[in-house]
Amino acid sequence: MMENHQIEMGAIKANGLEVPNGGLRSSVMPSWSLHKPVGRVLQSIRTVIFTSKLNLLMPFGPATLILYYTTNWHGMIFLFSMLGITPLAERLGYATEQLAIYTGPTLGGLLNATFGNATEMIIAIYALKNGMIRIVQQSLLGSILSNMLLVVGCAFFAGGIVHRNKDQVFSKANAVVNSGLLLMAVMGLMFPAVLHFTHSEVQQGASEVALSRFSSCIMLVAYASYLYFQLSGRNNSYTQLGNEEMPNEDATEEDEEIELSMWEAITWLAVLTIWISVLSEYLVNAIEGASDSLNLPVAFISVILLPIVGNAAEHASAIMFAMKDKLDITIGVAIGSSTQISMFVIPFCVVVGWMMGQKMDLNFQLFETATLFITVLVVAFLLQDGIANYLKGFMLILCYLIVAASFFVHVDPQSSDDD
């Protein structure tokens with residue numbers, strides 16, 4: 001067998017030498033040209049599917065479909081779909097990073113802004129289509145809280161334990177800009193809530209929706225300005241911090257290996273987005289049934305459990321970078337993701353709801369708005385000195401446990417009115 005294989009390879013080589021310009025004969029070309037793309041496809045599948053340990057959860061996706069069509073176990077359908085989406089969200093982030101290598105920093109930043117929280121957006125749009133406005137609001141709020149408290153807390157704690165003998169430092173300027181945007185988002189959410197609870201609307205019900213739509217457009221403009229400022233005007237604005245940030249950025253470029261071609265990355269983005277969309281529909285449809293079967297409040301499922309799905313990638317990468325003493329990247333991943341959701345995804349959902357005819361607004365109710373406001377203040381105070389250690393991380397994790405306990409005993413007033 002080996003001799004025949006060597007003879008065939010020798011024939012190919014001989015044919016290649018005989019043909020001018022190094023070309024191969026037509027009899028050999030079809031098998032050779034077919035072998036190369038097939039091998040490339042297999043290599044791409046191996047890279048995306050088999051290199052992440054989190055992908056062990058992928059079989060839960062098909063299992064969700066089987067459960068949905070054969071049983072009425074809404075609790076199991078919800079848990080299986082949540083577990084099935086988790087590795088897909090992580091791989092979506094990986095494919096986006098691979099594509100960003102080819103597009104350059106500006107377009108790469110826009111891609112990360114769009115696809116970085118694609119899972120949250122897809123789940124939100126499906127819930128919005130079904131009229132589940134409160135689930136949209138609470139799941140997006142939960143993503144912000146999870147990123148700011150749990151992800152940053154775990155990253156600071158893990159980085160602080162690994163680097164116990166020193167305080168880790170990060171760029172104060174970036175942290176201040178992100179904190180400012182988060183406070184602006186809180187302002188955007190607070191005024192419709194205050195308008196509603198003080199009963200000072202010009203037109204009952206209509207004024208807060210109109211204000212929310214106007215504020216959403218303003219927030220989208222502000223986020224676009226932030227992206228332009230960050231990607232284009234960064235050198236002028238952060239010259240004093242150049243020495244701090246450049247080593248981390250260089251290290252990031254060294255860590256980034258080109259493992260997928262541009263078209264492979266685009267194809268995987270499309271495939272993963274479609275598969276996440278399919279599972280998101282089953283996830284959203286099972287939320288209310290899961291609340292009854294698991295005996296958990298819908299608010300707790302939306303604010304605490306759902307964000308675990310979308311934040312899997314941020315959680316893993318933020319901890320990894322913190323352990324490598326790259327805190328600027330950790331802050332960019334976790335706080336940057338919170339900024340994206342608050343200043344881009346939430347206003348985007350309001351605009352999409354406007355197009356769908358759904359009255360999605362920025363009135364997140366008093367309890368949720370107060371929780372977000374206090375969280376932003378706590379995190380802003382802890383980030384203002386540009387120093388991280390395990391104590392700060394432990395404090396943020398404990399704060400998240402308080403938030404989780406609060407939503408476990410919280411009954412949504414709007415849902416109770418509807419019942």
Checking Trp263 against (1) touching a residue at least 60 places away in the same chain (Cβ under 8 Å); (2) farther than 22 Å from Met148 by Cα, the condition it does not meet: (1)
Residue that is farthest from Gly336 (Cα to Cα), among those in segment 151-166 that are surrounded by fewer than 24 Cβ atoms within 10 Å (Cβ to Cβ) and not small (Gly, Ala, Ser): Asn165
Test: Ala334 is buried (at least 20 other Cβ atoms within 10 Å of the Cβ) and more than 20 Å from the chain's Cα centre (by Cα): no
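Out of the residues in segment 245-261 meeting the condition of being among the aliphatic types (A, V, I, L, M) and open to solvent by 70 Å² or more (accessible area, probe 1.4 Å), tell me which one is modelled with the lowest pLDDT.
Per the stated criteria, the residue is Met246.
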Verdict on Met320 being without any contact (Cβ under 8 Å) to a residue 12 or more places away in the chain, assigned to a helix (DSSP H, G or I) and on the phi < 0 side of the Ramachandran plot: yes
Residue within segment 205-226 that is hydroxyl-bearing (Ser, Thr, Tyr), at pLDDT below 85, over 24 Å from Thr369 (Cα atoms) and within 26 Å of the chain's Cα centre (by Cα) present: no
Count of segment 356-399 residues which are open to solvent by less than 20 Å² (accessible area, probe 1.4 Å) and in a helix (DSSP H, G or I): 9
Qualifying residue in segment 310-319 (condition: acidic (Asp, Glu) and open to solvent by 30 Å² or more (accessible area, probe 1.4 Å)): no
Segment 135-146 residues that are aliphatic (A, V, I, L, M), paired with ones that are not in a helix (DSSP H, G or I) (beta carbon under 7 Å, 6 or more apart): Val136/Met360; Leu141/Phe364
Considering residues of segment 50-97 that are assigned to a helix (DSSP H, G or I) and more than 18 Å from Val309 (Cα to Cα) only, the residue modelled with the lowest pLDDT: Glu97
Selection count, segment 400-414, where residues are crowded, with 18+ Cβ neighbours inside 10 Å and part of a helix (DSSP H, G or I): 4
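The values are calculated or read from the model by the stated rules, or taken from the named source; none is laboratory data. This one's a predicted model, so the numbers in the text were calculated from it and none came from an experiment. Methodologically, a virtual Cβ is constructed for each residue, glycine included, from the backbone with ideal geometry; neighbour enumeration extends over all protein chains shown. Ligands, DNA and RNA are stripped out before the accessible areas are found, and what is left, the full protein with its side chains, is counted by its heavy atoms. Shrake-Rupley method; radii C 1.70, N 1.55, O 1.52, S 1.80 Å.
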